[in-house]
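What follows is a short report on a single structure.
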Amino acid sequence: MINDPSPFLSFGQLEDLSRSILRHRGLSPDHVEAVTRTIVAGERDGCASHGAYRLIVCAATLATGKVVADAEPMATSLTPALTRVDARGGYAQLAFERGLPLLIEKTRACGIGAMAISNCVHFAALWPEIEAIVAQGLVALACTPSHAWVAPAGGTRPLFGTNPIAFGWPRPGPWPFVFDFATSAVARGEIELHRRAGKPIPEGWGVDTNGEPTTDPAAAMAGAMLTFGGHKGSALSAMIELIAGPLIGDMTSAESLAADDGAGSSPIGGELIIAIDPAGFLGDATATHLQRAEALFSGITGQGARLPSQRRFEARERSLERGGVTLPKALYADLLALLD
Ligand code: NDP
Ligand code: PYC
């Protein structure tokens, strides 16, 4: 398979590869399964920056010792609406899975629920979590800081993380309305993929160490990434630092990078997830809110615009039809090397 220009892996083969790498690198069985689920889902949905490539990032993070490879997350009820999951230094995925039932139960009871994942290592896309909540008929919002890689609008020095924010709304058809984006112009993983492929990045993604615009991915990673939408992305990024950092008793992106201390691990800190039950506001009138939302979505697509996640869901359908994914040859070789 290594000699093929673009190796095709069935889902089973990709899952097995992910499990083998993560086990070989010392991750405990429950974390292996939770991390594998998100990595395979990312590759299936055409999200290269948070798909199989992340196995390389996981292996590097596990080697730093900054992630607790066998952490047992603990979910606690704080108030009727609030849940905290202490990830105890482990990856966020298992912590999310362990806290989800409590978040759903509290959201149904109170109309709104929030879950803080604390003390976790986070390298994942947020849409798998959003989809899991929306599948219960709830509206969802999630965000997390990362490492201080991004300059505030008007500045040139890294302060914010790439700080993703994601939102989901249930729909009658197979796919919900979901967006999930970094508040930097692009995820850092995308810049790293450009560096690996020897491709320049578009202007507007980053500045070099002198604060000058650059199209060199390595120079932008050494300098500072830029926010999306100038001061607007910058303000959103600051909000995420606050509500998924100090508000929940966890780290800002600058504190996360300081805790990393040059080791090169994935970001360390917290995540805030908010769920809303439409029945809380609408009572018996919940039948119409979905129809009215559909009218809004038709208004978007009716003028030729596309909904966020449409590309991703189409990629998912194609992958499911084919029963697997095609990996770039160089990535596949690098993944096999992680088994040595
Ligand atoms: P993109 O810019 O690729 O996409 C962001 C969102 O916008 C997606 O929902 C995408 O849908 C949608 N979108 C893109 N183009 C259009 C369009 N023309 N019309 C309508 N919607 C559109 O993502 P980013 O690079 O910003 O982030 C990628 C991932 O990185 C995210 O999943 C994020 O969670 C993750 N991330 C994680 C971090 C962490 O610390 N854990 C940090 C930073 C990022 P579609 O997918 O269908 O294209
Ligand atoms: O791509 O910016 C990113 C990122 C940070 C942590 C996980 N992904």
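Only the coordinates and a few stated rules stand behind these numbers; no lab work does. Treat the numbers as computed from the prediction; the structure is a model and nothing was measured. For neighbour counting, all protein chains shown are included, and Cβ atoms are generated from backbone atoms with ideal geometry for every residue, glycine included.
For the reader, a short list of remarks on this structure follows.
- Per-peptide packing, taken as the mean over residues of other Cβ atoms within 10 Å, places 320-333, 101-114 in the sequence 101-114, 320-333 from highest down.
- Of the residues Trp149, Gly89, Tyr53, the one whose Cα sits farthest toward the positive end of the charge dipole of region 49-157, with +1 on the Cβ of Lys and Arg and -1 on the Cβ of Asp and Glu, is Trp149.
- Gyration tensor (alpha-carbon) shape descriptor, region 239-340, a/c threshold 1.5: oblate
- Summed side-chain charge close to Trp205 - residues other than Trp205 whose Cβ falls under 15 Å, Lys, Arg +1, Asp, Glu -1: -3
- Note on region 1-127: with charges restricted to the Cβ of Lys and Arg (+1) and Asp and Glu (-1), its dipole about the Cα centre is near 320 debye.
- Full extension of the chain segment joining Thr64 with Arg196 gains 45.4 nm, where the gain is 0.36 nm per residue of separation less the Cα-Cα distance.
- Relative contact order of region 1-143, pairs being alpha-carbon contacts under 8 Å that are 6 or more residues apart, as %: 18
- Placing dummy labels 7 Å off each Cα toward the beta-carbon, the span from Ala305 to Phe8 is 3.8 nm.
- Charge-dipole axis of the chain as Lys and Arg at +1 and Asp and Glu at -1 on Cβ define it, positive-most pick from Leu193, Ala135, Leu296: Leu296
- Helical mean residue ellipticity (222 nm; -39500 (n - 2.57) per DSSP H run of 4+; nearest 500) of the chain: -13500 deg cm²/dmol
- P(r) of the chain over all Cα-Cα pairs, binned every 20 Å from zero, in whole percent: 30, 61, 9
- Aspartates and glutamates whose Cα lies under 12 Å from that of Lys106, excluding same-chain neighbours fewer than 8 positions away: Asp277
- Three-way shape label, region 171-270, alpha-carbon gyration tensor, a/c 1.5: oblate
- Net lengthening on full extension, Arg88/His289 (0.36 nm per residue, minus Cα-Cα): 68.4 nm
- Length-normalised contact order for region 132-253 - Cα pairs under 8 Å, 6+ apart - percent: 28
- Förster radius 35 Å - calculated FRET efficiency between Ala333 and Asn210, Cβ distance, rounded to 0.05: 0.50
- Using θ = phi - 60° and Karplus 6.51 cos²θ - 1.76 cosθ + 1.60, couplings along region 100-107 (whole Hz; Gly, Pro as x): 4, x, 5, 4, 5, 4, 5, 5
- For the chain, averaging the sequence separation of C-alpha pairs within contact (under 8 Å, six or more residues apart) and dividing by the residue count gives a relative contact order of 22 percent.
- This model, with +1 at the C-beta of Lys and Arg and -1 at the C-beta of Asp and Glu, gives the chain a dipole about its Cα centre of some 400 debye.
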